[in-house]
Amino acid sequence: MKIPAEMPRLKGYRFPREIIAYAVWADHRFALSAADVEDLLAERGVAVSRETVRKWVNRFGRHFAGYIKRDRPAAAEKWHLDEVAVRYCQIVWGSP
């Protein structure tokens, strides 16, 4: 996980930037619920409520979602399919 260089201001938050970034990243990257993220953080020794996770996701989620989408590889113009057989009007194209 890469923490974005430009992150919104975190002054006044109890937890360090890395914990907030991990919680929001896990929520968006793996489509987890706030309870699942709460459990992940609890396994790492961080006691945080799911309401706090939800607030972090609402506040910083759009910022992280932009970074996650930006880091994904772009779709290519050429698609490669393996072992495809297409049947049309009793004619089979490709490998049967």
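Coordinate-derived values only; no laboratory data. This one's a predicted model, so the numbers in the text were calculated from it and none came from an experiment. Methodologically, a virtual Cβ is constructed for each residue, glycine included, from the backbone with ideal geometry; neighbour enumeration extends over all protein chains shown.
Please give the peptides 23-29, 51-57, 38-44, 86-92 ranked by average Cβ packing (other Cβ atoms within 10 Å per residue), highest first, as a rough proxy for protection.
23-29, 51-57, 38-44, 86-92
Charges on Cβ only, +1 for Lys and Arg, -1 for Asp and Glu, centred on the Cα centroid of segment 17-71; of 58, 46, 23, which one is farthest towards the dipole's positive end?
Of the options given, the answer is 58.
As a test of the definition: which semi-axes, in Å, follow for segment 17-71 when you take the square root of five times each eigenvalue of its alpha carbon gyration tensor? Largest first, please.
Equivalent-ellipsoid dimensions as semi-axes: 18, 11, 10 Å.
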